[in-house]
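**Student:** For reference, the structure I am asking about is given below.
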Amino acid sequence: MTRVIEVPAHFDDRSFEQFAAGFGAWPAEEKLLVDARAAQWASPYGLIGMLTAGQAIAEAKGERPLFTVPISDDVKRYWARVGFFRHAAELFELHGRVPKAAATGPSDVLLDVTPVRAMEDVHQVVEKISDVSSRILHGELGLERGAAGRFSMALSEACQNIVEHAGTSGWVAVQVYTFRRRLGRRVAVIAVSDSGVGFRRSLESTHASRFGERWGDGAALEAALIQGVSRFRDPGRGQGFKGIKGFIDRWKGKISIRSGSARLSIVPAWDDDVPLADHLPFFPGAQVQITIPAQEAESR
Amino acid sequence: MIETIRIGHLLRETALSPYRNLVTRPTGAAVRTRIEDALSRSDCLTALLDFSDIELLDFSCAEEIVAKLLLAQASHRPRFVVLRGLRDDQHDAIEQVLTHHRLAVAALIAGGEPMLLGWVLPDARAAFTCVCRLGRACAGDVAEALSWPESRASEALEALTLHRLVRPEGDLRYPLLVA
């Protein structure tokens, strides 16, 4: 038997739940087919979510899943240009014609789909993004001149979490696009995902007892994002998310962290997401999305 | 005596590559070790850490370099520490990590004007600005300049001295980079 997991036509952090529900139990016992034929668009969160699923299956020594590529030539070309198929080919058995990636990525991509395996990769990610982020964040989104540095700081801290806490590698991608449905403005989006142990297991030995029966994926996310705790006993730890929250607040942005079966968000006025979504379909590791909207004309 | 340490130079030596970004804890810890090595070989009273070649300083590196360097001052031979060449976003990172530890450091902003980053009581912050403006001051000078009772000025100067944010000489307190 092969279990078919349909990739949502419009694949973002919301429709990710439909994708996660498709897997059933983890690790899946059946052969898996990830069917992206009907895909029309995927956010960086969606793209690296698919790679995370493939990575989790490989790490669980599961059978190599199948992947049918999108029918739309435009979608295929875009996914190729951001480097998705290059990495997907290592994790999935690809079916369908994959176009060659262009030498340079599209202009709205701040960072292609990039693996994060070690601290050295965090350096590379920050170096890559620093050249283009100022032009886009200040010039296009209307953030203050120093925004590129703050944006890179958030990116650096989010990527370091993979190396320090996940126990495995992960993925990052950064893109600018128009957020029509919820905001009607351009946004810069950082998406970071790993297939590691997740927040609950990472914090369990040091913080579970404090929460008693409340301990679970949601409580672990709350401890990390709201209370700033870390599994390390060093009192200076846990400041990365605190700093990111400061930037989010300043730019009226959103941060959302999904781990295991819960998702915790700091929700700005322009979004209608719930702060804590619990009892979601299980998905391995942790997925972080940071969304920074173009500033409204009067605040520029 | 002032020992100037160019952080960008140390970063390039440490990472063996032309990085301009101070990111990740291991990098920050390695740079801090280099700073401590340099200071251990120096007779200086004041360490001037120059960040002007640095593009980005993330929270992890701000913690590893600045906060841990100041925390270690308590156990090592204490020095006065001054930061120079910081950009606005780097101020944010240092301000946050020092506030977390209830520490503070003096920094020179563009134009050479001194400011405090981190946590001190409001009176100490006002006294710091006053000492820098006057060039040197005793409790009576600060009290007169700020229209405070002398005991209040004295407490504020004591807090600055304790945090090693002014240089004491008898009853007088000097800004850190004034000879």
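**Student:** Suppose we filter segment B:46-85 for residues that are within 11 Å of another protein chain (Cβ to nearest Cβ), hydrophobic (A, V, I, L, M, F, W, C), under 15 Å from the mean Cα position of the chain (by Cα) and closer than 21 Å to B:Arg20 by Cβ; how many remain?
**Tutor:** The number of residues fulfilling the criteria is 2.
**Student:** Name the residue, out of A:Pro115, A:Pro99, that is more than 20 Å from A:Thr52 (Cβ to Cβ) and more than 14 Å from chain B (Cβ to nearest Cβ). Full working, then the answer.
**Tutor:** Values: A:Pro115 fails: more than 20 Å from A:Thr52 (Cβ to Cβ).
Result: A:Pro99 is the single residue among A:Pro115, A:Pro99 that is more than 20 Å from A:Thr52 (Cβ to Cβ) and more than 14 Å from chain B (Cβ to nearest Cβ).
**Student:** Considering each of B:Leu165, B:Leu157, B:Leu177 in turn, give the residue that is crowded, with 20+ Cβ neighbours inside 10 Å and either touching a Lys or Arg at 6+ places or on another chain (Cβ under 8 Å) or modelled with pLDDT under 95 (or both). Even if it seems obvious, please write down each step before you answer.
**Tutor:** Values: B:Leu165 fails: either touching a Lys or Arg at 6+ places or on another chain (Cβ under 8 Å) or modelled with pLDDT under 95 (or both); B:Leu177 fails: crowded, with 20+ Cβ neighbours inside 10 Å.
So the residue among B:Leu165, B:Leu157, B:Leu177 that is crowded, with 20+ Cβ neighbours inside 10 Å and either touching a Lys or Arg at 6+ places or on another chain (Cβ under 8 Å) or modelled with pLDDT under 95 (or both) is B:Leu157.
**Student:** Moving to a separate point now. Would you mind stating whether B:Leu116 is surrounded by fewer than 22 Cβ atoms within 10 Å (Cβ to Cβ), touching a residue at least 40 places away in the same chain (Cβ under 8 Å) and part of a loop (DSSP other than H, G, I, E, B)? Break it down into steps so the answer makes sense when it comes.
**Tutor:** Values: surrounded by fewer than 22 Cβ atoms within 10 Å (Cβ to Cβ): yes; touching a residue at least 40 places away in the same chain (Cβ under 8 Å): yes; part of a loop (DSSP other than H, G, I, E, B): no.
It is false that B:Leu116 is surrounded by fewer than 22 Cβ atoms within 10 Å (Cβ to Cβ), touching a residue at least 40 places away in the same chain (Cβ under 8 Å) and part of a loop (DSSP other than H, G, I, E, B).
**Student:** Also: Pick out, from segment A:39-124, the strands (runs of 3 or more DSSP E) lying fully within it that include 3 or more residues that are within 30 Å of B:Gly28 (Cβ to Cβ) and touching a Ser or Thr at 6+ places or on another chain (Cβ under 7 Å). If you could, list the steps in order and put the result at the bottom.
**Tutor:** Values: elements: A:66-68, A:93-95, A:109-116.
Per the criteria, A:109-116.
**Student:** Within segment B:95-113, how many residues turn out to be surrounded by fewer than 19 Cβ atoms within 10 Å (Cβ to Cβ) and either in contact with a Cys (Cβ under 6 Å, 6 or more places away or on another chain) or in a loop (DSSP other than H, G, I, E, B) (or both)?
**Tutor:** Qualifying residue count for the region: 4.
**Student:** So which residues in segment B:1-26 are among the aliphatic types (A, V, I, L, M) and either within 21 Å of the chain's Cα centre (by Cα) or closer than 15 Å to A:Ser130 by Cβ (or both), if there are any at all? Write out each step before concluding.
**Tutor:** Initially, segment B:1-26 is screened for residues among the aliphatic types (A, V, I, L, M), giving B:1-2, B:5, B:7, B:10-11, B:15-16, B:22-23.
Those that are among the aliphatic types (A, V, I, L, M) and either within 21 Å of the chain's Cα centre (by Cα) or closer than 15 Å to A:Ser130 by Cβ (or both): B:Met1, B:Ile2, B:Ile5, B:Ile7, B:Leu10, B:Leu11, B:Leu22, B:Val23.
**Student:** If you don't mind, there's one more thing I want to ask. Tally the residues that are out of contact with any strand residue (DSSP E or B) (no Cβ under 6 Å at 6 or more places or on another chain), more than 10 Å from chain B (Cβ to nearest Cβ) and within 27 Å of A:Pro115 (Cβ to Cβ), restricting the search to segment A:142-162.
**Tutor:** 1
**Student:** Another question, then. Is it the case that B:Ser147 is outside the structural domain of B:Glu3 (by TED's automatic domain parsing), on the phi > 0 side of the Ramachandran plot and loosely packed, with under 15 Cβ neighbours inside 10 Å? It would help to see each step written out before you state the result.
**Tutor:** Values: outside the structural domain of B:Glu3 (by TED's automatic domain parsing): yes; on the phi > 0 side of the Ramachandran plot: yes; loosely packed, with under 15 Cβ neighbours inside 10 Å: yes.
Spelling it out, B:Ser147 is indeed outside the structural domain of B:Glu3 (by TED's automatic domain parsing), on the phi > 0 side of the Ramachandran plot and loosely packed, with under 15 Cβ neighbours inside 10 Å.
**Student:** State yes or no: is A:Gly212 modelled with pLDDT under 95, under 24 Å from B:Leu103 (Cβ atoms), not in a loop (DSSP other than H, G, I, E, B) and not basic (Lys, Arg)? It would help to see each step written out before you state the result.
**Tutor:** Details: modelled with pLDDT under 95: yes; under 24 Å from B:Leu103 (Cβ atoms): no; not in a loop (DSSP other than H, G, I, E, B): yes; not basic (Lys, Arg): yes.
In short, no.
**Student:** Moving on to the next point. Since A:His138 meets every condition but one in (1) touching a residue at least 60 places away in the same chain (Cβ under 8 Å); (2) farther than 24 Å from A:Gly285 by Cβ, which condition does it not meet?
**Tutor:** Of the numbered conditions (1) touching a residue at least 60 places away in the same chain (Cβ under 8 Å); (2) farther than 24 Å from A:Gly285 by Cβ, the odd one out for A:His138 is (1).
**Student:** Hey, can you tell me all the residues within segment B:86-125 that are over 20 Å from B:Phe59 (Cβ atoms), more than 13 Å from the chain's Cα centre (by Cα) and not acidic (Asp, Glu)?
**Tutor:** B:Ala110, B:Gly111, B:Gly112, B:Leu121, B:Pro122, B:Ala124, B:Arg125
**Student:** Only one of (1) within 14 Å of chain A (Cβ to nearest Cβ); (2) part of a loop (DSSP other than H, G, I, E, B) fails for B:Asp92. Which number is that?
**Tutor:** Failing condition for B:Asp92: (2).
**Student:** Something else now. Could you check A:Asp234 against (1) assigned to a helix (DSSP H, G or I); (2) within 14 Å of chain B (Cβ to nearest Cβ) and say which number it fails?
**Tutor:** The single condition A:Asp234 does not satisfy is (1).
The values are calculated or read from the model by the stated rules, or taken from the named source; none is laboratory data. Fair warning: this is a prediction, and the values are worked out from it, not measured in the lab. With ideal geometry, Cβ positions are generated from the backbone for all residues, glycine too; neighbour counts draw on all protein chains shown.
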